[in-house]
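The values are calculated or read from the model by the stated rules, or taken from the named source; none is laboratory data. Here the structure is a predicted model, which means the values were calculated and not measured. Note that each Cβ is placed from the backbone with ideal geometry, even for glycine, and that neighbours are counted across all protein chains shown.
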Amino acid sequence: MSALLAVDNISSGYGDIPVLREVSLEVGSNEIVSVVGANGAGKTTLLRTIAGLLPCWRGAVQFDGERIERLHAHQLVTRGLVMVPEGGRLFPFMSVQENLELGAFNGGARPKLKAMLDEVFGLFPILASRRDRLAGSLSGGERQMCAIARAMMSRPRLIMLDEPSLGLSPLMVEHIFELILSLPHTKHVAVLLVEQNVGDALDMAQRGYVVERGQIVKTGSGPDLLADAEVQRAYLGL
């Protein structure tokens, strides 16, 4: 299986402060891949670099066989690569529907705006009932659903999710994870997941990567990493 996303020995950071050092990973079509590690390990920096929000200092990123490490974020969305940042980053003084419509700004998605709205309201019925509310009035779980739905409006092939369960109730976390699990099968969308709940993240992933101090230190299938004694000791408290 050829990779939809191939990250090859990239390094990046903030200003002149290095964070990532020669990181490589792959995500296949219709695959869920999880990246886990301690706070400050470089997980968000990795997503931001892939998404074109931070410069890639060295290395290469390919998406669907095309080099993209020099492209800007809006150019990547048009190609089908989107990121949902930690906290969702909605526009709080715009309605739910207005936030969703902004997700379809690219030329490929705009002509299908109504159909995509119907689709995401089918995925998230609660958003349909909240469509005229200000996004800032939503609960934490509703905001996260709205952020994922907004990303879906762009008709992506790969969604990168940064800590989607952060601050949510256990019931809402379960709902969000069920949705993530369904994306490859029902919508043919691959997922690159950064998640604090290491056990859940690896349990739903075909493959996982463990990041420490800006480097990949372990990789393997989700079940293999869950069974790894070092992973259990460091991240699962076993």
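Residue count for the range 126-165 under the criterion of being among the β-branched types (Val, Ile, Thr) and assigned to a helix (DSSP H, G or I): the result is 2. State which residue pairs qualify: first residue touching a residue at least 60 places away in the same chain (Cβ under 8 Å) and inside the range 8-24, second residue hydroxyl-bearing (Ser, Thr, Tyr) and in a strand (DSSP E or B) in any location, beta carbons under 7 Å apart, and separation of 6 or more residues or different chains. Partner pairs satisfying both residue conditions: Pro18/Ser11; Val19/Ser12; Leu20/Ser11; Leu20/Ser12; Arg21/Ser11; Glu22/Ser11. The set of residues in the range 90-112 being in contact (Cβ under 8 Å) with a residue 12 or more places away in the chain, surrounded by fewer than 15 Cβ atoms within 10 Å (Cβ to Cβ) and within 19 Å of Gln75 (Cα to Cα) consists of Leu102, Phe105, Gly107, Gly108, Lys112.
All of Ala128, Ala115, Ala135, Ala73 fail the test of being buried (at least 21 other Cβ atoms within 10 Å of the Cβ) and small (Gly, Ala, Ser), apart from Ala135.
If the condition is being surrounded by 23 or more Cβ atoms within 10 Å (Cβ to Cβ), more than 10 Å from Leu192 (Cβ to Cβ) and either among the aliphatic types (A, V, I, L, M) or free of Cβ contacts under 8 Å to residues at least 24 places away in the same chain (or both), then the range 25-50 contributes only Val36. Within the set Leu25, Leu81, the sole residue that is under 21 Å from Ala149 (Cα atoms) and aliphatic (A, V, I, L, M) turns out to be Leu81.
Taken together, the residues in the range 205-215 that are assigned to a strand (DSSP E or B) and either hydroxyl-bearing (Ser, Thr, Tyr) or closer than 27 Å to Ser182 by Cα (or both) amount to 5. Cβ-Cβ distances below 7 Å connect the following pairs, each with a first residue in the range 62-84 that is of a type in the set (S, T, N, Q), a second residue that is at pLDDT 95 or above and not in a loop (DSSP other than H, G, I, E, B), and a separation of six or more residues or different chains: Gln62/Ala6.
Do we find that Leu181 is farther than 22 Å from Ala38 by Cα, touching a residue at least 40 places away in the same chain (Cβ under 8 Å) and surrounded by fewer than 19 Cβ atoms within 10 Å (Cβ to Cβ) in this structure? Yes, satisfied. Scanning the range 1-51 for residues that are in a strand (DSSP E or B), polar (S, T, N, Q) and out of contact with any helix residue (DSSP H, G or I) (no Cβ under 6 Å at 6 or more places or on another chain) turns up Asn9, Ser11, Ser24.
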